[in-house]
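To start, the structure itself, in structure tokens.
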Amino acid sequence: MYIEELNQVLESVLKELGYYVKPNLTVSNRPDLCDYQSNDIFKIAKEYHGNPVEIGDKVCNALKEKTDYFSDVQFVKPGFINIKLSDSFINKYVNITNDDIKKTLILPKKETYMVDYGGPNVAKPLHVGHMRTAIIGESIKRIIKFFGNNAIGDIHLGDYGLQIGEVIYAIKRDNLDLDKVDINYLSNAYPEMSKICDNDEDIRNQCAKIVKDLQDGNPEYQKMWKKILQVSTDDMKRIYNYLDVHFELWKGESDAYPYLPKAEEILKPYLRLSEGALVVDIKRDTDTKEIPPLLYKKSNGAYLYASTDIGTIVERMEDYNPDHIIYITDARQALYFEQVFRTVDKIGLCPESRLEHVGYGTVNGKDGKPYKTRNGDAASLEYLINQTKELFISKKDTNKDMSDSDVNIITNAILKFADLQNNYENDYIFDLDKFSEVQGKTGPYLLYTYLRLNKILKDNEITSKLSNNIYDDYDRNLRLKLLEMPNALEKAFKERHPNYIADYVYDLAVCANAFYQHNHISSLDDEVKKNDWLILIQTTNKVIKALLNLLAIDIPSIM
């Protein structure tokens, strides 16, 4: 909102001078020279065939009269306007932020978003890769809600795939009573059967037949499947609850099956036979790469992921009619989702403009390869959580005396901030030693910043409203950084990139710590200054806490 107000002031000045252009003020990359900068003079000079120096001087002279907004305006050749904001304008938005963060935002028209994230396969333990979709998806969902929208998170379980057939085969082979099926059995049965199927085509075909019979309603397999589903989801919920990741819907592939006949009816005019299978041609004349047909149904009549994903879109359009459906998965699935999106757009089920794929990279160890256990095995998500917790506790003796609740909150902060500070499209190296430190760009650093500021607020009392004074450069830098908050939030919302928030809240913490180290609030005799600075750190902590919540990070009681 503040940047829009500044642009409106600049636009009105330009109009008074006869220049009808939309200005674009940006945060200065030289804060030693100015707070904000405009290079619109180049655009005006080109459009109105004028001398940029003459135009720039005229514009700057007019802006200097707007003392409620600007304390200094300078024209810099060949065509830049450098602006310093007035103390009163800065404090106006510090007050607005302190009152209600959302008042600094321009909220969009309320829409409904389906956020499809999580996506674990039933009967398999959650691995490190599941952390990314859970953390990124939860954050994106929270950001969408923060902007006043209705956001519905759906875990979309893989509950009808080959792994179910493999585990049912193992249960039958072991003649195991269903009451004995627990998470330990599933954790051992799935990898064992997966290796067997890789080397024994006959058993693999038997497992595939079990899946087909299950999908066709075989009562014995349905009973086994329900038990596997219950055991598996109970364990998933335990880990997701630990991560403070919460889904509004716990649906899966199986829930799409009642909608497959309708999906196939809609698809019918577009399906063609290819070697016995049913496919949909989706290539376009404008394509610059090969886009293969979507495989809808195999030659043996079995449905595939594409079948159930299209069935799920039928279900979602009927039950929720969402304005947006966002899928958060491994980036390697980009082509697959392009095929699905093109298909449902082609058949008139859902416009492609409503569909988004957020594709993330992998979590790697220090060797640059996918994160492993110390033994070199693929790391489970629970292993990574426990490893992080153990390392944090070992960092210093006082950590051993912390409550379980505080340790768990800090463990979450280590994991989540390590992930969300990155552009999700990129792979990143998870350096546990680095990310668990209290110094540097880490979750613990942000928590420590909040708690040290909070101690000042607990020990002192705010007695009056904020004055219009700003007292030193550290003070001014912190207030200016608070003004930038809406920029980070709006970019994170529009581009679905939580790292904008992570970057901003870290920069805010750096400014807050510099202010803290150079200004000793509790010992001040000047009551006005003391009160102003208490309001400033109160506002800072409100922002830190709110933004960390959007990253699904809580605040512990101590560090």
- Query: Across segment 1-40, which residue is modelled with the highest pLDDT among those that are part of a loop (DSSP other than H, G, I, E, B) and acidic (Asp, Glu)?
  - Reply: Asp35
- Query: Counting only residues that are touching a Leu at 6+ places or on another chain (Cβ under 9 Å), at pLDDT 90 or above and of a type in the set (Val, Ile, Thr), how many does segment 352-397 have?
  - Reply: 2
- Message: For the structure I just gave you, tell me whether Lys43 is farther than 20 Å from Glu490 by Cα and part of a helix (DSSP H, G or I).
- Response: yes
- (1) in a helix (DSSP H, G or I); (2) over 27 Å from Asp319 (Cβ atoms); (3) out of contact with any Leu (no Cβ under 6 Å at 6 or more places or on another chain): which one isn't true of Ile164, the others all being true? (2)
- Can you find even one residue in segment 154-163 that is over 16 Å from Thr233 (Cα atoms) and at pLDDT 95 or above? no
- Message: Under 8 Å between Cβ atoms, which residue pairs at least 6 apart in sequence (or on different chains) link something in segment 44-65 that is surrounded by fewer than 18 Cβ atoms within 10 Å (Cβ to Cβ) with a partner that is in a helix (DSSP H, G or I)?
- Response: Tyr48/Ile55; Gly50/Ile44; Asn51/Ala45; Ala62/Val13; Ala62/Glu16
- Among (1) at pLDDT 95 or above; (2) outside the structural domain of Ile393 (by TED's automatic domain parsing); (3) touching a Phe, Trp or Tyr at 6+ places or on another chain (Cβ under 6 Å) - the single one Met559 does not satisfy: (1)
- Message: Please go through (1) polar (S, T, N, Q); (2) within 28 Å of Thr540 (Cα to Cα); (3) touching a His at 6+ places or on another chain (Cβ under 8 Å) for Ser380 and return the number of the only condition it doesn't satisfy.
- Response: (2)
- Item | Which numbered condition Thr97 fails, given (1) touching a residue at least 40 places away in the same chain (Cβ under 8 Å); (2) under 26 Å from the mean Cα position of the chain (by Cα); (3) within 30 Å of Glu356 (Cα to Cα) | (3)
- Test Lys458 against the criterion of being within 30 Å of Leu524 (Cα to Cα), touching a Leu at 6+ places or on another chain (Cβ under 6 Å) and in a helix (DSSP H, G or I), and give yes or no. no
- Query: Pick from segment 270-306 the residues that are in contact (Cβ under 8 Å) with a residue 40 or more places away in the chain and in a helix (DSSP H, G or I): which of them is farthest from Ala208 (Cα to Cα)?
  - Reply: Tyr270
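Output the helices (runs of 4 or more DSSP H) that fall wholly within segment 173-243 and possess 3 or more residues being touching a Pro at 6+ places or on another chain (Cβ under 9 Å), or say none.
Working: elements: 183-199, 201-215, 219-242.
Those helices (runs of 4 or more DSSP H) span 183-199, 219-242.
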- Query: Which condition number in (1) in a helix (DSSP H, G or I); (2) more than 20 Å from Asn91 (Cα to Cα); (3) in contact with a Lys or Arg (Cβ under 7 Å, 6 or more places away or on another chain) is the one that Asp507 fails?
  - Reply: (2)
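The values are calculated or read from the model by the stated rules, or taken from the named source; none is laboratory data. Nothing here was measured: the structure is a model prediction, and the numbers come from that model. Positions of Cβ are backbone-derived with ideal geometry, glycine not excepted, and every protein chain shown enters the neighbour counts.
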